[in-house]
Amino acid sequence: MADQLPPVRPDLLDLPGYEPVQPLEDLARVAGLAPTDLLKLDANENPFGPLPVVPEMLARLPGYERYPDPMQGRLRQAIADYVEVPPDRIVAGAGSDELIDLCFRCLVSPGQSIISCPPTFGMYRFSAGLAGIPIVEVARREDWRVHAEAVQAAITPATALIVLASPNNPTGNALDRTELAALLATGVPLLVDEAYAEFAGRSLVNELRRHPQLMLLRTFSKWAGLAGLRVGFGIFPEPVAGLLLKAKPPYNINIAGEAAVIASLQRRAVLDERVRKIVETRAILMERLQALPWLEPYPSDANFVLCRVRDGDGRALKEALAKHGVFVRYFDLPRLRDCVRLSIPRPDQVATLIERLEVVGTDLYARRRPT
Ligand SMILES: *Cc1c(COP(=O)(O)O)cnc(C)c1O
């Protein structure tokens with residue numbers, strides 16, 4: 001028999017991959033700058049980095065030869081203390097990304113579908129596609145609020161789950177009370193991804209008791225500066241948490257991630273102070289961005305700001321900024337082509353960011369103006 005490539009699922013042949021951000025070294029090379037002169041504002045990472053205790057502790061951490069605890073005992077207890085929810089309702093994942101995938105595969109039966117509200121985090125569509133789950137996309141309103149009535153209208157007997165980010169990435173706005181009430185009233189299981197809850201200063205964790213169909217995802221990637229160690233978690237009704245614990249890859253949290261999270265949570269006051277600084281910087285940056293006549297920032301509850309470019313070309317702005325060592329996120333999607341998303345930098349980086357934006361803005365607009 002002739003040699004043949006192994007067949008793959010035909011429905012995956014045109015799966016759009018998740019568009020990841022480029023490594024810092026590659027970005028530096030493109031800009032011809034030292035990595036320290038770059039403003040990497042494209043992935044909503046923590047501009048302060050991890051707490052210093054994390055690399056110190058990891059350098060001395062014993063036990064790399066042993067498998068981690070598949071039941072995540074110490075980790076789930078530490079998280080339980082943080083969110084004030086019993087540990088049997090918590091499941092940790094290799095980033096909340098893993099939990100998105102796990103929830104979709106465990107909560108949605110063959111023939112069922114998911115509702116999502118774009119523009120939003122790309123992983124929902126990606127994970128649904130990979131799992132072969134149809135995803136019904138109900139567009140957000142003009143001001144990026146969830147269109148709750150349209151969601152209600154889109155619900156069918158096949159709807160297994162509504163997934164939403166709050167604050168939403170990349171639009172920055174959080175779910176409001178009215179929208180939440182309308183979505184909960186449908187009775188459809190609601191998975192709210194609160195990756196940026198710490199920057200919003202609020203979470204739906206207190207709603208869990210009253211609404212058993214509500215499930216939350218959180219992460220240590222953004223507020224705790226641990227994106228590279230991949231630890232996120234979800235809060236579920238206890239039977240769902242039990243199922244997910246059984247269904248997850250047994251050793252999904254490595255011992256470095258587990259130890260880093262526990263050490264970080266023990267020094268929460270320092271992390272909280274950093275979050276406070278980022279929120280303060282968000283207000284300052286917002287004012288400076290509003291002063292640029294060609295840029296229109298949207299209000300944000302997160303650690304990033306979505307900005308509309310008045311000449312309508314987000315890609316041109318992203319590329320021009322990259323030449324000046326400022327890396328922002330551009331989305332090649334229908335409603336976002338005139339936008340860029342930028343993460344909140346450290347307070348001492350705001351002046352540089354604004355300077356570089358002014359240079360690039362002047363340049364782009366001068367070139368466009370007819371002479
Ligand atoms: C960054 C982000 C995540 C991913 O977090 P990890 O825990 O690093 O996988 C999840 N949801 C949203 C909305 C995000 O922006």
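Assorted remarks:
- Both radii come from the Cα set of the chain: Rg as radius of gyration, Rh as Kirkwood radius; their ratio Rg/Rh reads 0.98.
- Modelled FRET efficiency - R0 35 Å, ASP311 with TYR18, Cβ distances, 0.05 increments: 0.75
- Placing a pseudo-label 7 Å from each Cα along the Cα-to-Cβ vector at ILE354 and ALA283 gives an inter-label distance of 1.6 nm.
- Among TYR330, TYR196, TYR64: highest mean-square fluctuation, GNM of the chain, C-alpha pairs under 10 Å: TYR64
- Legend: ranking of residues HIS324, HIS211 from fewest to most surrounding C-beta atoms inside 10 Å; resulting order HIS211, HIS324.
- Charge tally around ASP193: other residues with Cβ under 12 Å, Lys/Arg +1 each, Asp/Glu -1 each, net 0.
- Cα-based Rg / Dmax (Å) for the range 54-132: 16.7, 49
- When the helices of the chain are scored as -39500 (n - 2.57) per DSSP H run of n ≥ 4 and the total is divided over every residue, the value at 222 nm lands at -12000 deg cm²/dmol.
- Taken over the alpha carbons of the range 158-311 as equal point scatterers, the Debye sum produces base-10 log I(q)/I(0) values at 0.14, 0.17, 0.19, 0.21 Å⁻¹ of -0.83, -1.11, -1.25, -1.36.
- Footprinting exposure proxy ranking of ILE155, ILE115, ILE135, fewest other C-beta atoms within 10 angstrom first, gives ILE155, ILE135, ILE115.
- Those lysines that a straight Cα-Cα span of less than 19 Å connects to LYS318, excepting residues fewer than 8 apart in one chain: LYS40
- Segments 333-344, 296-307 sorted - mean Cβ within 10 Å per residue, highest first: 296-307, 333-344
- Here the gap between GLU238 and ARG141, fully extended at 0.36 nm per residue and compared with their Cα-Cα distance, gives a gain of 31.5 nm.
- Net length gained if the chain between PHE48 and LEU333 were fully extended (0.36 nm per residue, minus Cα distance): 99.6 nm
- FRET efficiency for ARG29 and ARG346, using Cβ-Cβ distance with R0 set to 25 Å, rounded to 0.05: 0.60
- Pair TYR251, THR36: separation of 7 Å Cα→Cβ label points (nm): 3.8
- Alpha-carbon Rg with Dmax, taken over the range 28-69, Å: 16.0, 44
- When the Cα positions of ALA224, LEU183, GLN349 are compared along the charge dipole of the chain, GLN349 comes out farthest toward the positive end, with charges on each C-beta of Lys, Arg, Asp and Glu.
- Using a Gaussian network model of the chain in which every pair of alpha carbons under 10 angstrom is joined by a spring, one finds that among ALA139, ALA197, ALA92 the greatest mean-square fluctuation is at ALA139.
- Relative protection proxy for 104-111, 312-319, from highest mean packing down: 312-319, 104-111 (other beta-carbon atoms within 10 angstrom).
- Each residue in PHE126, PHE199, PHE233 was given a count of other beta-carbon atoms within 10 angstrom of its own, and listing them fewest first yields PHE126, PHE199, PHE233.
- The range 181-283: antiparallel DSSP beta bridges as a percent of all, rounded to 5: 50
- Rh by Kirkwood over Cα pairs, then Stokes-Einstein D for the range 222-371 at 1.567 mPa s and 4 °C, µm²/s: 71
Quick note: the coordinates plus some simple rules give every number you see, no bench work behind them. Model, not experiment: these values are computed from the prediction. Cβ sites come from the backbone with ideal geometry, for glycine too, and all protein chains shown count toward neighbours.
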